[in-house]
Amino acid sequence: QVHLVESGGGLVQAGGSLRLSCAASGRTFRTYTMGWFRQAPGKEREFVASISGSGGNTAYADSVKGRFTISRDNTKNTVYLQMYSLKAEDTAEYYCAARMSGAAAQRVADFGSWGQGTQVTVSS
């Protein structure tokens, strides 16, 4: 298990940008595949993006491809989600998640550790 703490959420106008951060505890951060998920009110939690331990492989949901970028700094035990061209439909609670296996995954059930979430609200 790894302890995760997200930050960087807030209120932004449509078309704006935000960068979310997720700080992880532990000395084995680089062995974890990291993911970002989001959950809007009344909806299921959904995959946003993931990144392999080395940072060499990334994956994105179609809805954010070309607008969001996931990255990580293993020297700081931190993963980021840079969000550009935000839309009202991006409004949600955003969660950071960690997966011990290096295999690519996009399901909530594949990730064993979760942060508490950070709210992103995009006004139209």
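Among the residues of the range 100-111, are any without any contact (Cβ under 8 Å) to a residue 24 or more places away in the chain and among the basic types (Lys, Arg)?
There is no residue in the range 100-111 that is without any contact (Cβ under 8 Å) to a residue 24 or more places away in the chain and among the basic types (Lys, Arg).
Yes or no: the range 73-85 includes at least one residue that is touching a residue at least 24 places away in the same chain (Cβ under 8 Å) and more than 18 Å from Cys22 (Cα to Cα).
Among the residues of the range 73-85, at least one is touching a residue at least 24 places away in the same chain (Cβ under 8 Å) and more than 18 Å from Cys22 (Cα to Cα), which makes the answer yes.
Check off (1) assigned to a loop (DSSP other than H, G, I, E, B); (2) open to solvent by less than 30 Å² (accessible area, probe 1.4 Å) for Pro41 and give me the number that stays unchecked.
Failing condition for Pro41: (2).
Just checking, how many residues over the range 9-36 are in a strand (DSSP E or B), within 20 Å of Ser63 (Cβ to Cβ), polar (S, T, N, Q) and under 15 Å from the mean Cα position of the chain (by Cα)?
Total meeting the criteria: 0.
If you take the residues of the range 83-100 that are open to solvent by less than 50 Å² (accessible area, probe 1.4 Å) and small (Gly, Ala, Ser), which of them is farthest from Val2 (Cα to Cα)?
Taking the range 83-100 as the starting set, the residues that turn out to be open to solvent by less than 50 Å² (accessible area, probe 1.4 Å) are 83, 86, 88, 90-99.
Still in the running and small (Gly, Ala, Ser): 88, 92, 97-98.
Values: Ala88: 32, Ala92: 23, Ala97: 9, Ala98: 7 Å.
Only one residue fits best here, namely Ala88.
Could you tell me whether any residue of the range 72-81 is out of contact with any helix residue (DSSP H, G or I) (no Cβ under 8 Å at 6 or more places or on another chain), open to solvent by less than 50 Å² (accessible area, probe 1.4 Å) and not in a strand (DSSP E or B)?
Within the range 72-81, not a single residue is out of contact with any helix residue (DSSP H, G or I) (no Cβ under 8 Å at 6 or more places or on another chain), open to solvent by less than 50 Å² (accessible area, probe 1.4 Å) and not in a strand (DSSP E or B).
The values are calculated or read from the model by the stated rules, or taken from the named source; none is laboratory data. Source: prediction; values computed, not measured. As a convention, Cβ positions derive from the backbone with ideal geometry for all residues, glycine included, and neighbour counts pool all protein chains shown. Only protein heavy atoms, including side chains, enter the accessible area calculation; ligands, DNA and RNA are left aside. Shrake-Rupley method; radii C 1.70, N 1.55, O 1.52, S 1.80 Å.
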